[in-house]
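A.B. asks: Next up is a structure, given as structure tokens.
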Amino acid sequence: MIQQLVAAQLQCNKRSFSDQPKVTLGREDQIALLKASTIEIMLLETARRYNHETECITFLKDFTYSKDDFHRAGLQVEFINPIFEFSRAMRRLGLDDAEYALLIAINIFSADRPNVQEPGRVEALQQPYVEALLSYTRIKRPQDQLRFPRMLMKLVSLRTLSSVHSEQVFALRLQDKKLPPLLSEIWDVHE
């Protein structure tokens, strides 16, 4: 299940790179951005699928997961609780699919990622998405002047959650739990 989600996200990410004719990125920067943003994109997608009534996250229509399900899958409470807290906070913002998509694009093209060699080019790719999100929020909810900054602040929370994820992966390694090869490659976890 996780491998399918990661593979689908990678395909989506690859398409976003090929759809940008004005600015091109070197292969190294593409790889750096994909690796660094994948878990954060998965967390944004998880938040988008959060159901506040059932306190569950629904994947692929019929696959619903509670905190207990995540725990049984091997995740620690220290990672599960922040995922659900982040998902609840995102739910309170009431984002639509367009806002989620723009946040994902802004997140992918973050120039401060490790191993990015040409941050100026990455910023040039990110800027239209930032401007689009700002314009969209001004048009959609002109009375809520704080909506745009609140959404960007969620990206800061997302980075924190990503750090918690890194600690979770490290803990799994200490327990000698084997990760699927695809996840090991994305998360730079080499046995």
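We did not get these values from a lab; they are worked out from the coordinates using the rules stated. On a predicted model such as this, the values are computed, not experimentally measured, just so you know. Here the Cβ is made from the backbone with ideal geometry for all residues, glycine too, and neighbour counts use every protein chain on show.
A.B. asks: Hey, among the residues in the range 30-78 that are part of a loop (DSSP other than H, G, I, E, B) and charged (D, E, K, R), which one's farthest from E99 (Cα to Cα)?
C.D. replies: The selected residue is D62.
A.B. asks: Would you check which residues across the range 92-132 are of a type in the set (K, R), in a helix (DSSP H, G or I) and farther than 15 Å from T24 by Cβ and list them?
C.D. replies: Result: R92, single match.
A.B. asks: Out of K67, K140, which single residue is exposed (fewer than 15 other Cβ atoms within 10 Å of the Cβ) and farther than 30 Å from G26 by Cβ?
C.D. replies: Working: K67 fails: exposed (fewer than 15 other Cβ atoms within 10 Å of the Cβ).
One residue alone meets the criteria, K140.
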